[in-house]
Amino acid sequence: MQDLQSSLFFETAVEIYARVFRELKPRTPLPELTIEYCRFANADSFIRLESGRLHVRISDLLEGAPAPVTEALAYILLGKLYRRPVARVYARRYRLYLNRRDMRRQAHLVRQIRGRKFVSGPRGQVHDLEEVFERLNTRFFNGLLGRPQLGWSRGASRSMLGHFDPSHNAIIVSRIFDRPEAPPLTLEYVMFHEMLHLRYPVDYSGARRRVHTKEFREAEKEFPGIKEAKQALKKL
Ligand SMILES: [Zn+2]
């Protein structure tokens, strides 16, 4: 961190954002700036320019963050607003901070407590997710995976076919699969993929979190109909 200015440590968050703004937009007068720490359900932060005022809303998870982290986020948010590439040093510094074990634990708690989760029952019109889960559990995991909450998404999403939410220990599957014309193999493949997330946790070593680790990828190849399933998914 030898590139840090010594003044950094005496700057308030507003001063940090003002300095980064002047660096990115040297010819633009500094707009009025407000920074708010908000009780979001996650570590997201937002910036917007509205009638000449810059509003920054930062997750209160970052309220106690060291100045270099606040500075990194300033580069990320202002860079996003003004479509400037963010120097890797800032993106990395910010990621490393969020990846710290204590930060992850806090974020996890906050998601659990503040994030409401709607989980429909496992029973759909055509398929019962519990039945699908247990069938795959027996076939591929010796029946050893603990069953999480299982539910269908509200809409028949094509962009989000399924996801595993560790904070609520839930697998949510798109309703697009709960139709007679959707090949059962596609539903099985998506469920199998999400079950692998239960089996292979996210890798947090290093700066970047790795959701689909090498072990995950290898295990996924064990699914017998993977090629056909992926083909059929494209035609849904
Ligand atoms: Zn995945």
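Observations on the structure shown:
- Average accessible surface for the range 53-172: 57 Å² per residue, computed with a 1.4 Å probe over protein heavy atoms with every protein chain in place.
- Note on HIS127: accessible area is roughly 40 Å² with a 1.4 Å probe, heavy atoms of protein only.
- Ranking of TYR200, TYR37 by solvent-accessible surface, largest first: TYR37, TYR200 (1.4 Å probe, protein heavy atoms only, all chains present).
- Carbon + sulfur, % of accessible area of the chain - ligands and nucleic acids excluded, 1.4 Å: 50 percent
- In whole angstrom, the range 1-159 maps to an equivalent ellipsoid with semi-axes of 42, 19, 14, each derived as √(5λ) from the alpha carbon gyration tensor and ordered largest first.
- Beta bridge orientation in the range 21-141: antiparallel %, DSSP, nearest 5: 45 percent
- Degrees separating the helix 67-81 axis from the principal Cα axis of the chain, which is the longest one: 80 degrees
- Accessible heavy-atom area order of PHE21, PHE10, highest first, probe of 1.4 Å: PHE10, PHE21
- For the pair the range 163-236 and the range 69-120, the centres of their Cα atoms are 25 angstrom apart.
- Label-to-label distance, nm, for residues given as LYS80 and GLU215 (7 Å Cα→Cβ offset): 3.2 nm
- Once the Cβ-Cβ distance of ARG92 and SER157 is raised to the sixth power relative to R0 = 45 Å, the FRET efficiency obtained is 0.90.
- Looking at the chain alone, DSSP beta bridges between its own residues are antiparallel in about 50 percent of cases.
- Over the chain, relative contact order from alpha-carbon pairs under 8 Å, at least 6 apart, %: 13 percent
- Accessible area of MET160 (1.4 Å probe, protein heavy atoms only, ligands and nucleic acids ignored): about 100 Å².
- Once both labels are positioned 7 Å from their Cα atoms along Cα-to-Cβ, the gap between LYS227 and ARG208 label points is 2.9 nm.
- In the assembled protein chains, LEU33 presents an accessible area of approximately 30 Å² (probe radius 1.4 Å).
- Residues ASP102, ASP60, ordered by accessible area of protein heavy atoms at a 1.4 angstrom probe radius and largest first, appear as ASP102, ASP60.
The values are calculated or read from the model by the stated rules, or taken from the named source; none is laboratory data. Here the structure is a predicted model, which means the values were calculated and not measured. Every residue, glycine as well, gets a Cβ built from its backbone with ideal geometry; the counts of neighbours run over all protein chains shown. Just the protein is used for accessible areas: all its heavy atoms, side chains included, with ligands, DNA and RNA removed. Shrake-Rupley method; radii C 1.70, N 1.55, O 1.52, S 1.80 Å.
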